[in-house]
Structures are given as C-alpha cells and as structure tokens.
Amino acid sequence: MNLVVLQNWLDNASFAILFLTMLVYWGGAAFPNIPYLAALGTAGMAIANLCIATLLGARWIEAGYFPLSNLYESLFFLTWGITAVHLIAENSSRSRLVGVATAPVAMAITAFATMTLPSQMQASEPLVPALKSNWLMMHVSVMMLSYSALMVGSLLAIAFLIVTRGQNIQLQGSSVGTGGYRSNGYRLHKASELISQPPTPAVENNGFARFETTSNGNGNGNTAVLNLVTTPESQAVASAEPLSPQRLTLAETLDNISYRIIGLGFPLLTIGIIAGGVWANEAWGSYWSWDPKETWALITWLVFAAYLHARITRGWQGRSPAILASTGLLVVWVCYLGVNLLGKGLHSYGWFF
C-alpha cells in the first residue's frame with residue numbers, strides 16, 4: 001500500500017474516532033447510568049492511539065527519520081502522547097471525567113493538523129542540517145511526552161476547579177506533602193458515649209464534621225458506624241451550597257491523579273531540557289542561547305517546579321495548586337506553539353515564519 005495514502009487515511013480516521021469518542025465521554029457525563037459508555041470511550045481512545053502510532057510509523061518508514069521534524073508530525077505525536085497519558089490516568093482514577101477533559105483537546109489538535117495546515121506543511125521534507133542527529137529522537141520525543149503529561153495534568157486540575165465550583169475545600173486524599181496539616185475529623189467512641197463536637201474549621205471536610213461510633217446492636221463494640229454531624233460552622237457553609245459526597249470523592253480523585261500525572265511530566269521535561277542543552281552545544285556550540293523556545297521551556301519548568309514544591313514541601317492541596325496547574329496549561333501551549341506563531345528563533349524551522 002502507498003504509505004502516503006495510508007497516512008492520509010489514518011489522520012482522517014484519527015480525527016473521526018476522537019470526535020466520536022468525545023461525544024461518548026460527554027454523553028457518559030450527561031447520562032452516567034448508561035454502563036457501556038465508559039468502556040466505549042476507553043476503547044475509542046485506545047483505537048485512536050493505535051491509529052496515530054501507525055501513522056507515525058508509516059511516516060518514519062517513508063521519510064527515513066523519526067517523525068518529529070515539522071508541525072504536522074509533532075502535533076500528531078503530541079496527540080498520541082495525550083491519548084496514552086489519558087489511558088494511564090483513566091485506568092488509575094476509574095473516572096470517565098478524565099475523557100471529558102482530554103478527548104476534546106486531542107480531537108482539536110488532530111483537527112488542526114489535518115484540516116488547517118496546508119498540504120505543503122503536512123508533507124515530509126528532508127531534514128535541515130541541525131536536525132540530522134540522533135538527538136532528534138532523544139530530545140524532541142521526551143519534550144513532547146512531557147508536554148502531553150503536563151497538559152493532561154493541567155486539564156484535570158481545571159476539571160477539579162469545575163467540580164468543586166472553585167471552593168476551597170479540605171481534601172482527605174493521599175497527595176499531600178510533609179508541610180501540610182490535615183485532620184480527617186474521625187473520632188472513635190463507644191456506643192454508650194455521647195458524641196461531642198470538637199472545634200473543627202468550617203472549611204474542613206466541606207463544612208461537616210465526621211465521627212465514628214462503635215456499636216453492633218449487642219454492645220460489644222466491634223462494628224464501626226459512621227455518623228455525620230453538622231455544626232454551626234457547617235450550617236453556615238451549607239448555606240453556600242456545600243458539595244455533595246459524590247462531588248467530594250470525584251474532586252479528591254481528580255486532585256490526586258492530576259498531581260501524579262504532573263509528577264510524571266516534570267522529570268520528563270527536565271530530562272528533555274538537559275538533552276536539548278547537550279544537543280545545542282553539539283549543533284551550535286552553546287548549551288544555552290536564550291532562544292524564545294529555550295526561555296519558555298525554562299518558564300514552564302519553573303511553573304511546574306513551583307507547583308510540585310508547593311504540594312510536596314508546603315502541603316498545598318485543593319484550589320491553590322489547581323489554579324497554579326491551570327495556568328501551567330497556558331504556559332505549555334505558549335512554549336510549544338506560541339513562540340513559533342509569534343516569534344522567530346532557532347527552533348522554528350519554518351513552521352510558521
């Protein structure tokens with residue numbers, strides 16, 4: 001089969017599959033009682049990932065070099081990374097809301113590459129001299145994978161803010177650093193004891209104090225019973241429409257998986273920047289030249305380093321780090337695409353200017 005025809009078929013098929021997958025995820029969010037939609041969405045993402053991988057493989061065979069030399073190829077590699085990270089995140093979180101956030105972005109990137117870029121930008125061309133190096137695969141692929149992971153983590157942070165309506169809630173998950181202080185609000189009492197209310201901050205546990213009593217009906221105290229007790233503070237929070245237990249559980253899951261996906265993307269970004277410095281010294285005689293792409297890569301690194309520092313050493317959780325991660329999504333896009341749209345530099349290679 002003609003590899004060019006195969007690529008044209010695969011890029012259109014990838015867009016169609018991702019579009020249908022996006023509709024499936026949105027339908028699953030709107031109608032959560034339909035059981036097969038979650039499996040259908042996961043299958044759609046897996047098929048799209050396979051189609052894009054096949055496209056990139058055919059491109060590699062046709063051109064004779066790793067397909068990351070122009071915007072068309074890098075966009076599809078980015079989409080492949082997003083779908084791969086999505087599958088990891090969804091498998092870890094067991095939440096279909098991951099696809100609600102990631103499927104539209106993957107579909108939009110594929111649509112831009114397939115329908116917006118002119119045909120001459122989609123065609124493979126001989127590599128410029130600076131790209132004829134084994135560092136092309138090492139540096140660019142790791143950077144693109146880091147962008148994919150950081151984008152997915154940031155999208156899940158945005159989803160967290162939407163689910164919590166931007167409220168500053170106290171989470172009870174495991175993604176908290178050593179600098180944080182959190183109380184889970186549980187107290188264990190005998191069945192005959194009167195449960196008294198400790199002074200719990202209103203924001204903690206979303207305005208509710210949680211207690212456990214022990215009773216099994218026979219007085220031997222072997223069965224734990226969870227009682228939910230409201231306080232004057234919780235009544236004040238309740239007037240501000242407190243989140244339901246289902247929303248709190250979902251928010252905690254999104255916060256946790258966002259933190260871990262960003263924790264995966266950050267070391268990849270670090271390795272990619274270091275590899276890029278080594279390659280730059282080999283190609284241009286300087287490890288760092290303050291090229292626009294290099295500058296924004298450093299800004300991206302600092303933003304997500306601040307995010308991880310705040311979570312690991314300062315104990316931030318909930319709204320504040322989610323806002324920081326959300327701004328990181330914009331920074332990643334500026335680093336990846338904005339510098340090529342708005343300025344010239346050593347990393348443009350004729351993508352736009």
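The values are calculated or read from the model by the stated rules, or taken from the named source; none is laboratory data. Predicted model only: the values in this text are computed from it and were never measured. So basically every Cβ, Gly included, is an ideal-geometry build from the backbone, and we count neighbours across all protein chains shown. Accessible surface is based on the protein model in full, side chains and every heavy atom, while ligands, DNA and RNA are left aside. Shrake-Rupley method; radii C 1.70, N 1.55, O 1.52, S 1.80 Å.
Computed quantities for the displayed model
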{"quantity": "Test set (1) loosely packed, with under 15 Cβ neighbours inside 10 Å; (2) part of a helix (DSSP H, G or I); (3) modelled with pLDDT under 90 - residue 7 fails condition number", "calculated": "(1)"}
{"quantity": "Verdict on residue 106 being in contact (Cβ under 8 Å) with a residue 12 or more places away in the chain, assigned to a helix (DSSP H, G or I) and in contact with a Phe, Trp or Tyr (Cβ under 8 Å, 6 or more places away or on another chain)", "calculated": "no"}
{"quantity": "Residues (more than 24 Å from residue 85 (Cα to Cα), in contact (Cβ under 8 Å) with a residue 60 or more places away in the chain and aromatic (Phe, Trp, Tyr)) located in segment 263-301", "calculated": "279, 284"}
{"quantity": "Residue under evaluation residue 295, criteria (1) farther than 26 Å from residue 161 by Cα; (2) open to solvent by 60 Å² or more (accessible area, probe 1.4 Å); (3) modelled with pLDDT of 85 or more; (4) not aliphatic (A, V, I, L, M), criterion not met", "calculated": "(2)"}
{"quantity": "Long-range neighbours under 8 Å by Cβ, at least six apart or interchain, first residue at positive phi within segment 77-94, second at pLDDT below 95 and open to solvent by 20 Å² or more (accessible area, probe 1.4 Å)", "calculated": "94/253"}
{"quantity": "Test: residue in segment 322-331 that is more than 20 Å from residue 81 (Cβ to Cβ), over 17 Å from the mean Cα position of the chain (by Cα) and open to solvent by 20 Å² or more (accessible area, probe 1.4 Å)", "calculated": "no"}
{"quantity": "Close pairs (6 angstrom Cβ cut-off, 6 or more residues apart or separate chains): in contact (Cβ under 8 Å) with a residue 40 or more places away in the chain and open to solvent by 10 Å² or more (accessible area, probe 1.4 Å) in segment 134-158, among the polar types (S, T, N, Q) and assigned to a helix (DSSP H, G or I) anywhere", "calculated": "155/102; 158/326"}
{"quantity": "Residue in segment 67-81 that is under 28 Å from residue 255 (Cβ atoms), at pLDDT 85 or above and aliphatic (A, V, I, L, M) present", "calculated": "yes"}
{"quantity": "Leading residue by the ranking (surrounded by the most Cβ atoms within 10 Å (Cβ to Cβ)) among those in segment 32-53 that are within 22 Å of residue 77 (Cβ to Cβ) and of a type in the set (S, T, N, Q)", "calculated": "49"}
{"quantity": "In segment 90-147, the residues that are within 13 Å of the chain's Cα centre (by Cα) and among the charged types (D, E, K, R)", "calculated": "90"}
{"quantity": "Residues (among the aromatic types (Phe, Trp, Tyr) and surrounded by fewer than 20 Cβ atoms within 10 Å (Cβ to Cβ)) located in segment 267-292", "calculated": "284, 287, 288, 290"}
